[in-house]
Number of protein chains: 2
Amino acid sequence: MSSKIFIRYGQIVRELRLSKNISQETLADLCGLHRTYISDVELGKRNVSLENIEKIAKALGVSLTKLFERIEKNASI
Amino acid sequence: MSSKIFIRYGQIVRELRLSKNISQETLADLCGLHRTYISDVELGKRNVSLENIEKIAKALGVSLTKLFERIEKNASI
């Protein structure tokens, strides 16, 4: 069950990143994180912490509310 | 900056738990986590992972969207 949230979270991060037309490397730089970490996040391989969830949302220019709204809407399809 | 999100998150978890009139121990049992962990979370001392954020929200009967909406509204006061 819990792996599903990682997958959905990663998918939305990827969608938002692509909609901003930036690379994983640019997103990583904006967050102060490593590119391979962002790659793992997008693949649903990471149990991301609240601190990094906030950093990534800020770098993507989206509120946490909007981010989780997208994740939970996605989940119900 | 990042510690603020821990504090706000902990405050909202505490508010939601109290509104359900359950103890930290009961919430911990519902989540499959330890009572001292829940205590630390409520005090803003933990960088909670996405997996545990989801577990705690489910135990509190709140969506992640609603949870973060409350956190972000709280932040803007």
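Only the coordinates and a few stated rules stand behind these numbers; no lab work does. No experiment lies behind these values; they were computed from the predicted model shown. Backbone-built Cβ (ideal geometry, glycine too); neighbour counts: all protein chains shown.
For chain B, the Kirkwood hydrodynamic radius comes to 12.2 Å, computed from all pairs of different C-alpha atoms.
Tell me the net charge near B:Ser19. Cut-off is 14 Å between Cβ atoms, B:Ser19 excluded, with +1 for each Lys or Arg and -1 for each Asp or Glu.
My count for the surroundings of B:Ser19 gives +3.
Its residue count N fixes a reference of 2.2 N^0.38 Å for the protein assembly as shown, and the Cα radius of gyration divided by that reference is 1.02. What separates the A:Gly32 label point from its copies, with the point 7 Å along Cα to Cβ, is 3.3 nm, written shortest first.
Between B:Leu33, B:Leu64, B:Leu50, find the one with the highest GNM mean-square fluctuation for chain B; connect C-alpha pairs within less than 10 Å. Of B:Leu33, B:Leu64, B:Leu50, the Gaussian network model singles out B:Leu50 as fluctuating most.
Sorted from nearest, the other copies put their B:Ser19 label points 2.7 nm away, the label point being 7 Å from Cα in the direction of Cβ. By the combined test of axial Cα extent (at least 27 Å) and Kyte-Doolittle hydropathy (mean at least 0.5), none of the DSSP H helices of chain B qualifies. Quick one: net charge around A:Arg46, please, counting Lys, Arg +1 and Asp, Glu -1 for every other residue with C-beta under 12 Å from its C-beta. Local charge sum for A:Arg46: -2.
Chymotrypsin sites (Phe, Trp or Tyr not before Pro) within segment B:6-66: which are DSSP loop residues with at most 10 other Cβ atoms inside 10 Å?
Sites meeting the loop and neighbour criteria: none at all.
Approximating the spin labels as points 7 Å out from Cα along Cα→Cβ, the A:Glu72-to-B:Ser19 distance works out to 1.2 nm. Taking amide H as placed 1.01 Å from N in the peptide plane, the amide H of B:Gly44 sits under 5 Å from that of B:Gly10, each at least 5 places away or on another chain.
Counts of other chain beta carbons within 10 angstrom of each beta carbon in peptide B:58-65 average 3.
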